[in-house]
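**Q** Take this structure, written in structure tokens, and hold onto it; I'll ask about it next.
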Amino acid sequence: MAVALPAVVEELLSEMAAAVRECARIPDEHLLSLKFVFGSSAIQALDLVDRQSVTLISSPSGRRVYQVLGSSGKTYTCLASCHYCSCPAFAFSVLRKSDSLLEAVMPRTVVAIL
């Protein structure tokens with residue numbers, strides 16, 4: 001039986017969230033799994049999280065928007081509801097090249113877990 005990548009990622013993120021709730025950190029094996037699934041994007045995303053460059057903004061209605069401070073100092077907006085980010089990497093990787101949307105939304109997903 002084939003397992004789709006989004007299902008694997010959802011399971012990994014679910015396990016990460018449980019680990020964070022239990023011991024307030026992401027275990028090394030989960031970090032290695034992120035690197036395996038997302039490649040170098042995982043390291044860049046985790047670096048953004050470590051630098052506290054990702055901010056979750058929630059409205060009273062429950063809508064969520066993530067603001068990401070890029071390495072250039074520019075702030076980008078990621079919309080959780082429709083899997084969109086205003087950064088150039090998203091435009092190039094997902095919109096132009098049709099690469100995996102999972103790589104583009106990984107930083108905000110990690111922030112949501114933490």
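We did not get these values from a lab; they are worked out from the coordinates using the rules stated. For clarity, every value in this text was computed on a predicted model and none was experimentally measured.
**Q** From the P(r) of the range 1-80, could you give the percentage of C-alpha pairs in the tail past 15 Å?
**A** 68 percent
**Q** What's the extension gain from ARG51 to LEU12 if we count 0.36 nm per residue and subtract their Cα-Cα distance?
**A** That pair, ARG51 and LEU12, stretches by 11.8 nm at full extension.
**Q** Then there is this: Extension gain ARG64-ALA24, at 0.36 nm per residue separation less the Cα-Cα distance, in nm?
**A** Stretched out fully, the ARG64 to ALA24 stretch lengthens by 12.1 nm.
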